[in-house]
Amino acid sequence: MARIFSGIQPSGIPTLGNYLGAIRNWVPLQDEHECLWCVVDLHAITVWQEPAALARQTREMAAVLLACGIDPARHVLFVQSHVRAHAQLAWIFNCVARLGWLNRMTQFKDKAGKDREAVSAGLYVYPNLMAADILAYHATKVPVGDDQRQHLELANDIAQKFNHDYDAAFFPPIEPLILGPAARVMSLRDGTKKMSKSDPSDQSRINLNDDADTIALKIRRAKTDADPLPSEPEGLANRPEARNLVGIYAALTSTTPSAVLAEHGGKGFGAFKPLLADLLVSVLDPIARETDRLLADPAEIDATLRAGAARARAIADPIVAETERLVGFLPPR
């Protein structure tokens, strides 16, 4: 089976957008691939993190992944910093990658903004660490969104240059794993903005640990307009909030906005919102309950992550050791 690597930052309880855009799609991959799922805390500290919050959020993210269906018995779930091979290989890749390559990374420009001289060097070389995350396991497939495609291309450039420089067909090419159209979930308060954990208003998002009453209240308060739902998607033009709620319903039912409108066109939001809230609760309530159960026993989470890290090291350590041999490092005694 092809080996998949994917990582997610421990930036707090994921939102509905994180779930529909990524996490939900990971679960079926486990049936046909060898999967490594990583909570990437090394990436998280490219911007300052409060230490206690980082530790808490790392456990929370692991709990949510488990609650969503990530299977640590058949696959590998671990924390990035628990496997030193990531940092070891990232340094070698820092010396392989060229400054010109990194200067072209648009995501750094977006995150650094106008004050790029004040951001951490870690944020700048972030793509080299991402390449190490993948290539430390000789993973050949990575589920990616549009914002990570450029980083994946860079990872392949690094692998090719290493293979050329050291005359070894060692690192395999990486393929982006395209899982179909990603659900783009927007803010419940502003349909032109992406749903985000960083939004100061908790009413703008559905969190995966929200209870049924909270979900119902947020959907009831979600911004909409006075017009009923149209019968065709063209009728959602210039109606971003309506388009967002229809898109969420379609994603949750694994159907299309056209199908949703064919069934619900003509209804006002007073009728549609309760249906959407009930649907959200039916999907998310089991996740929230299992997340709460797991977080009540952090020792269980830690044991799962330790076991995953041991399995990850068993794969990565020999690969990184061979990388170091190819570079010319003396073997440790």
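Provide MET186, MET1, MET105 in ascending order of the number of other Cβ atoms located within 10 Å of each residue's Cβ, fewest first. List each step's numbers first, then the result.
Values: MET186 22, MET1 8, MET105 18.
Ranked by crowding around the Cβ, least crowded first: MET1, MET105, MET186.
What does the extension gain come out to for TRP48 and GLU322, with contour length at 0.36 nm per residue minus their alpha carbon separation?
Values: separation 274, 0.36 × 274 = 98.64 nm, distance 3.33 nm.
Here the answer is 95.3 nm.
Which distance in nm do the two modelled labels at GLU32 and HIS164 give, with both placed 7 Å along the Cα-to-Cβ direction?
Rounded to a tenth, the inter-label distance reads 3.4 nm.
Evaluate the charge dipole of region 107-178 about its Cα centre and quote only its size in Debye, nearest 20, assuming +1 on the Cβ of each Lys and Arg and -1 on the Cβ of each Asp and Glu. Before the final figure, lay out the partial values.
On the way: 7 positive and 11 negative charges, 29 e Å.
The calculation lands at about 140 debye.
Hey, fewest Cβ within 10 Å first, where do VAL125, VAL39, VAL79 land in order?
Working: VAL125 19, VAL39 27, VAL79 22.
By the 10 Å Cβ count, ascending: VAL125, VAL79, VAL39.
Under 8 Å for C-alpha pairs, at least 6 residues apart: give me the relative contact order for the chain, rounded to a whole percent.
Details: 486 pairs, mean separation 75.0, N = 333.
After rounding, I find 23 percent.
Please state the charge dipole magnitude for the chain, taken about the Cα centre, from unit charges on C-beta atoms (+1 on K and R, -1 on D and E), reported in debye and rounded to the nearest 20. Before the final figure, lay out each step's value.
Numbers: 36 positive and 40 negative charges, 101 e Å.
Approximately 480 debye in magnitude.
With each pseudo-label sitting 7 Å past Cα toward Cβ, what's the THR192-GLU234 distance in nm, one decimal?
For THR192 paired with GLU234, the spin-label model returns 2.5 nm.
Roughly how many Å is it from the Cα centre of region 2-43 to that of region 227-258, as a whole number?
Going from one Cα centre to the other spans 27 Å.
Give me the dipole magnitude in Debye, nearest 20, for region 202-293 about the Cα centre, with unit charges on the beta carbon: positive for Lys and Arg, negative for Asp and Glu.
Numbers: 11 positive and 14 negative charges, 31 e Å.
The calculated dipole for region 202-293 is roughly 140 debye.
Tell me which residues come under 5 Å, amide H to amide H, from GLU175 once H is placed; ignore anything under 5 positions away on its chain.
Distant-sequence amide H within range of GLU175: LYS141, VAL142.
Say the dipole of region 202-293 comes from +1 at the beta carbon of Lys and Arg and -1 at that of Asp and Glu; which of THR291, ALA262, ASN238 then lies farthest toward its positive end?
It is ASN238, whose Cα lies furthest towards the positive end.
Need one word for region 213-259: rounded, prolate or oblate. Basis is the Cα gyration tensor (sqrt eigenvalues a ≥ b ≥ c); a/c below 1.5 gives rounded, then a/b vs b/c decides.
On the way: a/c = 2.60, a/b = 1.26, b/c = 2.07.
It is oblate, given that a/c is not under 1.5 and a/b is not larger than b/c.
Quick one: length gained pulling ASP285 to ALA310 fully straight, 0.36 nm per residue minus the C-alpha distance? The partial results should precede the final answer.
Details: separation 25, 0.36 × 25 = 9.00 nm, distance 3.20 nm.
Length difference between fully extended and current span is 5.8 nm.
With no solvent and one point on each alpha carbon, what is the Debye value of log10 I(q)/I(0) for region 196-333 at q = 0.14 Å⁻¹?
-0.75
Taking a 24 Å limit on the Cα-Cα distance, which of the listed pairs LYS223/LYS267; LYS111/LYS273; LYS193/LYS223 fall beyond it?
Values: LYS223/LYS267 16 Å; LYS111/LYS273 35 Å; LYS193/LYS223 12 Å.
Among LYS223/LYS267; LYS111/LYS273; LYS193/LYS223, the Cα-Cα distance tops 24 Å for LYS111/LYS273.
If you take Cα extents along the principal axes in Å from the coordinates, which of (1) 96, 40, 36; (2) 71, 44, 40; (3) 53, 52, 45 do you get?
Recomputing Cα extents along the principal axes in Å here gives the entry labelled (2).
Can you tell me the length gained on complete extension of the stretch ALA118 to ALA73, counting 0.36 nm per residue apart and subtracting the Cα distance? Walk me through the numbers on the way to the answer.
Values: separation 45, 0.36 × 45 = 16.20 nm, distance 4.28 nm.
So the extension gain works out to 11.9 nm.
Rounded to whole Å and sorted largest first, what semi-axes of the equivalent ellipsoid does the C-alpha gyration tensor of region 65-163 yield via the square root of 5 times each eigenvalue? List each step's numbers first, then the result.
Values: eigenvalues 124, 58, 37 Å².
Each semi-axis is the square root of five times an eigenvalue, giving 25, 17, 14 Å.
Label LEU102 and LEU179 with points 7 Å out from Cα along Cα→Cβ: what is the distance between them in nm?
Simple spin-label model gives 3.0 nm for this pair.
FYI, it's all coordinate maths here, none of it is from the lab. Bear in mind that the values here come from a model prediction, so they are computed numbers and not experimental data. Neighbour counts run over all protein chains shown; Cβ positions are idealised from the backbone, glycine included.
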